[in-house]
Amino acid sequence: MDYDILIVGGGIAGMESALSMGEMGYKVLLVEKEPSIGGKMVLLSKVFPTLDCASCISTPKMASTAHHSNVDVLVSSKVSEITRNADGSFTVRLHKKPTFVDSDACTGCGECELTCTVALPDEFNFDLTARRVAHIPYPQAVPKKSVIDRQGLSPCSYSCPAGVKAHGYVSLVRSGQYEKAFRLHMEDAPLPGSLSRACYSPCEEQCTRGDYEGTVAIRGIKRFMVDYYYDKHPEPEYGPAEVQQEKKVAIIGSGPSGLTAAYHLGRRGYPVTIFDNMPEAGGMLRHTIPSFRLPKDVLDRDIKNITALGVEIKTNSTINDLGKLKDEGYDAIYIAVGAGMPQMMGIEGEGHLNVLDCLTFLKQAQDEEKPHVGRHVVVVGGGNVAMDVARTARRLGAEYVHIVYRRTVEQMPAHKWEIAEAKAEGVIFHPSVVITRVISTADGGMALECNRTVSQPLSTSRQSSGPYVTDETIAIPVDTAVLAIPAIGNKPNTVPFRNDLAINSNSTIRVNNSSLQTSLPHIFAGGDCATGASTIVEAIGQGKRAAFYIDRYLQGDKLNIAFDERLPMTDKHSVHERERRVTELEPLIDPELDATERVDNFDEIAGTFTEEQARYSANRCLDCGYCSECNECIATCPSDAIRLDQKAEKSVHKVESVIVATGFKLFDPAKKPALRPDHPNVISAMQMERLLSPTRPYNNLLRPGDGRRPDNIAYVMCVGSRDHAAGNPICSRICCVYTAKQAQLIMGALPLADITVYYIDIRAFGKGYDEFYQQASDMGVYFTKGRVAKIDPAADGNLTLHYEDIVHGGIKTANHDLVVLATGLQPEMGVASLFRDENLELDELFYVSETELDYSPGQTSLDGVFVAGTASEPRDIPDSILHAGSASALTAAYLEKRKRNT
Amino acid sequence: MSKERRIGVYVCYCGGNISDYVDVEAVRDALENEDGVVVAKTHMFTCSDASQQLMIDEIGEENLDGIVVASCSPKLHLHTFREMAKRAGLNEYTYSQVNIREQDSWTHRHDVEAATEKAIRLVRGGVAKTKLTAPLKNIRIETKPRVLIVGAGAAGLRASLVLADMGLTVYLLEKEDEPGGWVKKWGKMFPNNKRGDESIAKLVAKIRTSESITLYTNARLIEKSGSLGDFEVKIEVKGETIPLNVGAIIVTTGFKPYELAQDEFGHGLNGVITLPEYKEILFASGEDKLIHNGKPVKSVTFVHCVGSRQRQEDYDKPNLYCSRYCCTASIHSGLTTRGIDPSIHQYHLFRDIRSYGRYELLYEEARNGGSLFLRYDPDSPPIFEQAKNGRVRIQVKDQLTGNEELELETDLVVLATGMVPRENDELNNVLKLPIGLDGFYNEIHPKLRPVETVVDGVFIAGTSQGPKNLAESVSSALASVSKSGGLLMKGYVDLEPFVAIVDADKCTWCGKCEEICPYGAIEKITAEDGSKEIALITKAVCKGGGTCVPVCPEGAIDIEGYTNEQITSLIDAMIKEVV
């Protein structure tokens, strides 16, 4: 839409300009970067010199601006650029940040705020208190709409291959909502029990807390919530989907990928049948992962999550004919047969009866009838599976279990904790040894002939920097040898599908990497049989993806859309920046059985956190991306207004003129370390404004350090003003009188408190200001002429000020229990760069220059561009309003002249 | 209204904000059978678009002629529901909002039962009032695209030119022979060193050639009648009376410098002059020498806060205020002096240096250039006497050097006299503008309506309102230009119809209403049939304040939208027992 005028900034100057222009009949577009108009004035307590309540004055202006028939207000929006058209008008490009709330639907009821599980420092209370991620900026916000603060995905959630919202369930556990946490997990992955035991937790590897005392125990938290839920709910709470589809799906393989696909398709109402050639469902989860890591009853309960939907699992059913399945009425097929084909090394003698591949070994170990392994077992390999094999062998009675690995222990791909647990259980490690052949000994036994190696540092690829094999040979006598070498790994058995589908050279099924569709449109394949051997959570992710595209396929929708449009990962650097003062909380280690108690049985070795431990661990979360995607707001919003998939919106408008009303920012007192701005009882004047305001955070005037009532308050004037060292040589104009105001308000709240103002000059120059200053003085506020040089912490959270007493002479010190820094104003940066190809002149302090200050206040160096309020100089509120009126008059004159000339 | 009313009542849950503390359904049940209520419903969020649409549909289907929404404060949503009523084809003034959130649920969180009872009473009151609503129309005033500006100083000149650019006609009045006010007498001015005389000459030249601006010098405003948007005024120009019809009036009558009493700050001594006088000397001086009384000036001492920041204990009628411009003007005059002759010694005797904002840089320049700043305590102000050599000797206690007694001799003492209000008795009589404690014209509100006065359509600007420097004067003048534009550029203004009405039959004209009306909205006229004199309300001037209602002995005055009948029936409904 076209407008007569664009106003950049919705503070008091921007609103005043908008109202003036709107009243004159011009079409106004007001753009505000924050989610509410009102700027900083609405956040103040009362305003000088009339002591009116700031909100009472601001809110009518905010409401009139928002409701004015000639004014369109766009919040959460930034001007990307302004370019000049040939006819002198401007093209404006706007960028509206997603607020993740449909503002038309939102009624501002604040229910989402009550259920949101993540708290952040409240910027509108200048960090004195916390707010929720889903929030209404402040009670008087206009428009009064919720906003969800999302800084990107938290690294844990982002890194999960199954798209499980790790941050979400951690956040729910933190707030004690364990069943909701479980249900949130179920939105993405239906095997939380198995994952809580056997997932290698890429989330924890990415956890930002790992850069501090240690990663958040995300898997331990999950395990707690799963055990809590399964204890309460031995059976799933749901049955088959209410609306059933007609089209049927067959899934081949009941491993994690097949089960997950079945679950998501079942939830969508498809009749699903899983075929598995084994006697029991679960695939690798059941047959490969030792039960001391994943007890089978947990897996059984997990599988109920799928079968409760009506999914049928046909075990002992080998599918060799895909065409037959189609004939039986299955409209789509998902192949998820995994990678269960054992691979041997191809060395001499490996055909020996007692040389096993790891999968066969682990599968046999799951049987009722445990295999006999003898006293000496050698495991070849250094991966997680090798550890599982070695530890299983110990439990099968082997006295000496050796792990033979061609590089060093440090270079083993197995997780550190798996290696440590294996060592604790007595597994003997033989690093830097490569096996060359299997020899039969004279006594009918077996030995492994090995060579020593010299390892080189690992480079990018394990193969390329293979260790140097020496001539030194050793022989290890052995009863059973198990080959568990990840570099060789296991292959999918895709032989039955060779006639129908395109197969890759490594035996995996060729699929479209996005849709997982095979060379036959109705057949999809995923998990290890398409990707090669991978992890459980990857397989689950594939199952979820397959379900998404199979559904689209069956509905006749296009498959070339993205599966999972997630936000990018939040920038860890910004998390570090804001967590500088993070409280140290040591991580808890998952409880587990002692090695001596566990090595002779298949009992689960790890324990579950207590409720207290789980919440403590969850409480260590740094909420990296702010929003945890716990989805509580979605569940609670009475008007269905939450849109976590909302995108930024761009728009282009033609305007005839521009008023820049970008306002000011407050000087950051961190730049004056001598004044101890980091001390909790040294606050900024803006924080004092909030403490005194009607919507004050503590509902009382308390010092933030310890919540005590202050009794002897100091004001330090000219912090960041009249100060070359701070880069701001000019006076900020407002601090003296706002200090006189705050002092009067404090005397009302705390009649017995002493207030001392340390000043250079008291600049009470506006209408009624000097009288107002005198009034503060008459009320008993001490005004001491002298600049404070430094502040030291004193006992009891108090502070010692060092200052020069100008009037009475001498360097003095004074003790106060609360110090308020009267911070000055600085310009908002980035204004000039809005104008492309044109130079909006700034002064040496980066305020917008007024080129005709005396006779045309508000005129800038650019034709048709005006400035209002503190964007061009520090100003108090009345002066800003007058200045905005001036800029509006000049704009109107400009527009009328333009009309007459064209 | 005789016809049976058909009222719709909507009670809002406000998503728990109300329903957590008020049994909303009980309120609805209680209202359902109320006389005149046709529809009584609850909504989770009455303000949501969906709920509004349901109400619009119901207004049509049920043929409703009045709406009550019991929800939040009218400050939030009065406008919303008036618009909703309009969209449904209903007169927006048949809508009433009842506040059961801020004034009920939020206030009585401890007692659901009592809060519910209170809600029922409040809503009943709303229904009773709504039953007596009549469709009202906004008062529309056709505005005249012409502005009268009183005072042709810098502020008045600039306002005239911008109004003319905006396409409005301007009558600019100046009581002196020439336009330009104080500024035309001054040379370089802070902060940009532009010469006042040159700038004014340029502005005046533009004014004289503008077709839309008529400049009257030696002119006075002598009469005003009518109301905002349409004033009839009379001006007297050199003995001739000219009637004008304008939509708005801007007062830019400026200030006068403080006038010193004999001996005050050495006033009367040879070599003691005021800042405006010094500016004239600077103006008259050449580029290389500063001459006073025929002698070159070797030293100047500026004395700040003369006639400003006066203390109750020192003066009968003190000027308590700060004059805002003088610190920077003195410093700038000092810098101009240095530009003429850098060898001149300069002293400033001050209380607080108020070189606010960017003017701090001028203060810094002055100090860095060698000007000495001495801080005096108003308890022991500097003492001035004539030295034998004709110079002025000053004794001052300087707080910056530990209250040391210093003695200076200086060729010139420049008293930075503050700004004081003009005595515009005649104008004040005509315009009836309110005057503040400081003697300057008073705006309605320094932030909400900083250039508007209680007389609608009359704006104040520049130093008539209080001390200001040039840029600030012009800024406020142009702000009043914006407000005038808002009033006049559309061609009309709509005012809410809540004004007093007189029952001509009952009125006997006692004049009590005219006496009490603070807005001058009431005048005496002869009744249509000529039988008697009655009161007439000028709707455009009336603000519906209602002070006239209780003083009328005949009960002849009512406020539209808040009639006596409405208020009494509202009270009756509220005190009816809740069962």
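Odds and ends about this structure:
- Accessible area of A:Met1 (1.4 Å probe, protein heavy atoms only, ligands and nucleic acids ignored): about 120 Å².
- Shielding of B:158-168 by partner chains, average beta-carbon count, 10 Å: 5
- Projected label distance in nm at B:Ile340 and B:Val237, using a 7 Å step from Cα toward the beta-carbon: 3.8
- Extended-chain gain in nm, criterion 0.36 nm per residue less alpha-carbon gap, A:Asn901 and A:Asn320: 200.8 nm
- Share antiparallel - DSSP beta bridges, chain B, percent rounded to 5: 50
- Close Lys pairs in region B:396-554 (alpha-carbon distance under 26 Å; sequence gap of 8 or more, or different chains): 27.
- Computed accessible area, A:Asp678, all protein chains, 1.4 angstrom probe, square angstrom: 90
- Cβ-Cβ FRET estimate between A:Asn493 and A:Trp417, R0 fixed at 25 Å, reported to 0.05: 0.20
- Region B:388-447: relative contact order in percent, alpha carbon pairs under 8 Å with at least 6 residues between: 22
- Cβ-Cβ FRET estimate between B:Val579 and B:Val112, R0 fixed at 22 Å, reported to 0.05: 0.80
- Pairs of Cα atoms nearer than 8 Å and 6+ residues apart set the relative contact order; for chain A it is 16 percent.
- Seen against the Cα atoms of chain B and their longest principal axis, helix B:564-575 is set at about 70 degrees.
- For the listed peptides A:57-63, B:483-489, A:699-705, a ranking on the average number of other beta carbons within 10 Å per residue, highest first, reads B:483-489, A:57-63, A:699-705.
- Approximate spin-label separation A:Leu353-B:Asn564, in nm, with each point projected 7 Å along Cα-to-Cβ: 12.0
- For the pair A:Asp863 and A:Asn712, the difference between a 0.36 nm per residue extended length and the Cα-Cα distance amounts to 49.1 nm.
- Nonlocal amide H pairs with A:Leu120, under 5 Å, H built at 1.01 Å: A:Arg131, A:Arg132, A:Val133
- Acute angle (nearest 10 degrees) that the helix B:326-340 long axis makes with the longest principal axis of chain B, alpha-carbon atoms: 30
- Each peptide in A:298-307, A:75-84, A:246-255, B:323-332 receives the mean, over its residues, of other Cβ atoms within 10 Å, and ordering these scores from highest gives B:323-332, A:246-255, A:298-307, A:75-84.
- Think of region B:1-107 as a dipole: +1 on every Lys or Arg Cβ, -1 on every Asp or Glu Cβ, centred on the Cα centre; then among B:Ala50, B:Val39, B:Pro74, B:Pro74 lies furthest on the positive end.
- These residues, B:Leu361, A:Leu44, B:Leu173, go from largest to smallest accessible area, 1.4 Å probe, as B:Leu361, A:Leu44, B:Leu173.
- Cβ-Cβ FRET estimate between B:Asp494 and B:Arg311, R0 fixed at 56 Å, reported to 0.05: 0.70
- Candidates per trypsin sites (Lys or Arg not before Pro) in region B:122-225, loop by DSSP, up to 16 other Cβ within 10 Å: B:Lys137
- Peptides A:826-839, B:74-87, A:554-567, ordered by how many other C-beta atoms sit within 10 Å of their residues on average, highest first, read B:74-87, A:826-839, A:554-567.
- Scanning chain A for long hydrophobic helices, with DSSP H runs required to stretch 24 angstrom or more by C-alpha along their axis and to average at least -0.5 on the Kyte-Doolittle scale, returns A:536-554, A:877-901.
- Principal-axis tilt of helix B:154-165 within chain B, Cα atoms, nearest 10 degrees: 50
- DSSP-defined beta bridges in region A:650-793 - what % are antiparallel, rounded to 5: 10
- Using a simple spin-label model with pseudo-atoms 7 Å out from Cα toward Cβ, A:Asp571 and A:Glu592 lie 3.9 nm apart.
- Potential lengthening of the chain between A:Glu611 and A:Arg580 amounts to 8.3 nm, from the contour at 0.36 nm per residue minus the alpha-carbon distance.
- Exercise: per-residue mean of other protein chain Cβ atoms within 10 Å, A:757-766: 6
- For peptide B:307-314, the mean count of partner chain Cβ atoms within 10 Å of a residue's Cβ comes to 1.
- The calculated 222 nm mean residue ellipticity attributable to helices in chain A amounts to -8000 deg cm²/dmol, summing -39500 (n - 2.57) over DSSP H runs of n ≥ 4 and dividing by all residues.
- Helical content of chain B, expressed as a calculated mean residue ellipticity at 222 nm, amounts to -8500 deg cm²/dmol (DSSP H runs of 4 or more residues, -39,500 (n - 2.57) each, divided by residue number, nearest 500).
- Among beta bridges identified by DSSP and lying wholly in chain A, the antiparallel ones come to about 50 percent.
The values are calculated or read from the model by the stated rules, or taken from the named source; none is laboratory data. From a predicted model like this one, the values you see are computed outputs, not experimental measurements. Here the Cβ is made from the backbone with ideal geometry for all residues, glycine too, and neighbour counts use every protein chain on show. These area figures cover heavy atoms from the full protein model, side chains too; ligands, DNA and RNA do not enter into them. Shrake-Rupley method; radii C 1.70, N 1.55, O 1.52, S 1.80 Å.
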